[in-house]
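**Q** This is the structure, below, for whatever I ask next.
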Amino acid sequence: MLLGLWLDVAFFLALFLIPLPDVWRLGGFLLLALWFGAFALMIAAVTRMACSVCPLTFCPIGRAGRAIWGRAR
């Protein structure tokens, strides 16, 4: 199960990185900043709302989210 959680992290990172060249080509710095902001907002919302109640204490995303938001278990 731990391997699967790390594969999820790698998959989400790949989904974030794959469109970056096209984002830069189509919109320049402004669209790239918007892309980073949307990704950061998504990560913040997921770790704040979902990871705070998730029972999987060994999850890398949940562990980072609880450390960021100060909700250690």
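The values are calculated or read from the model by the stated rules, or taken from the named source; none is laboratory data. Here the structure is a predicted model, which means the values were calculated and not measured. Positions of Cβ are generated from backbone atoms using ideal geometry, with glycine treated the same way; all protein chains shown enter the neighbour counts.
**Q** What pairs come up if the first residue lies in the stretch 40-62 and is polar (S, T, N, Q), the second is surrounded by 13 or more Cβ atoms within 10 Å (Cβ to Cβ) and part of a loop (DSSP other than H, G, I, E, B), and their beta carbons are under 6 Å apart, counting only those six or more places apart or on different chains?
**A** Ser52/Arg71
**Q** Also: Condition test on Gly4, is it out of contact with any helix residue (DSSP H, G or I) (no Cβ under 6 Å at 6 or more places or on another chain), in a helix (DSSP H, G or I) and loosely packed, with under 13 Cβ neighbours inside 10 Å?
**A** Values: out of contact with any helix residue (DSSP H, G or I) (no Cβ under 6 Å at 6 or more places or on another chain): yes; in a helix (DSSP H, G or I): yes; loosely packed, with under 13 Cβ neighbours inside 10 Å: yes.
So Gly4 fits the description; yes.
**Q** Let me ask something additional. Which residue is modelled with the lowest pLDDT, if the candidates are limited to the stretch 53-73 and must be surrounded by 14 or more Cβ atoms within 10 Å (Cβ to Cβ) and in a loop (DSSP other than H, G, I, E, B)?
**A** Across the stretch 53-73, the extreme among qualifying residues is Arg71.
**Q** Against the definition (at pLDDT below 90, of a type in the set (Gly, Ala, Ser), out of contact with any strand residue (DSSP E or B) (no Cβ under 6 Å at 6 or more places or on another chain) and part of a helix (DSSP H, G or I)), how does Gly28 come out, yes or no? Before you say what the answer is, go through the steps one by one.
**A** Working: at pLDDT below 90: no; of a type in the set (Gly, Ala, Ser): yes; out of contact with any strand residue (DSSP E or B) (no Cβ under 6 Å at 6 or more places or on another chain): yes; part of a helix (DSSP H, G or I): yes.
So Gly28 fails the test.
**Q** Can you find even one residue in the stretch 20-36 that is surrounded by 11 or more Cβ atoms within 10 Å (Cβ to Cβ), within 21 Å of Pro60 (Cβ to Cβ) and free of Cβ contacts under 8 Å to residues at least 40 places away in the same chain?
**A** yes
**Q** Looking only at the stretch 7-19, which residues are of a type outside the set (Asp, Glu) and surrounded by 12 or more Cβ atoms within 10 Å (Cβ to Cβ)? First the steps, then the outcome.
**A** Step one: list which residues in the stretch 7-19 are of a type outside the set (Asp, Glu), which gives 7, 9-19.
Within the stretch 7-19, Val9, Phe12, Phe16 meet the criteria.
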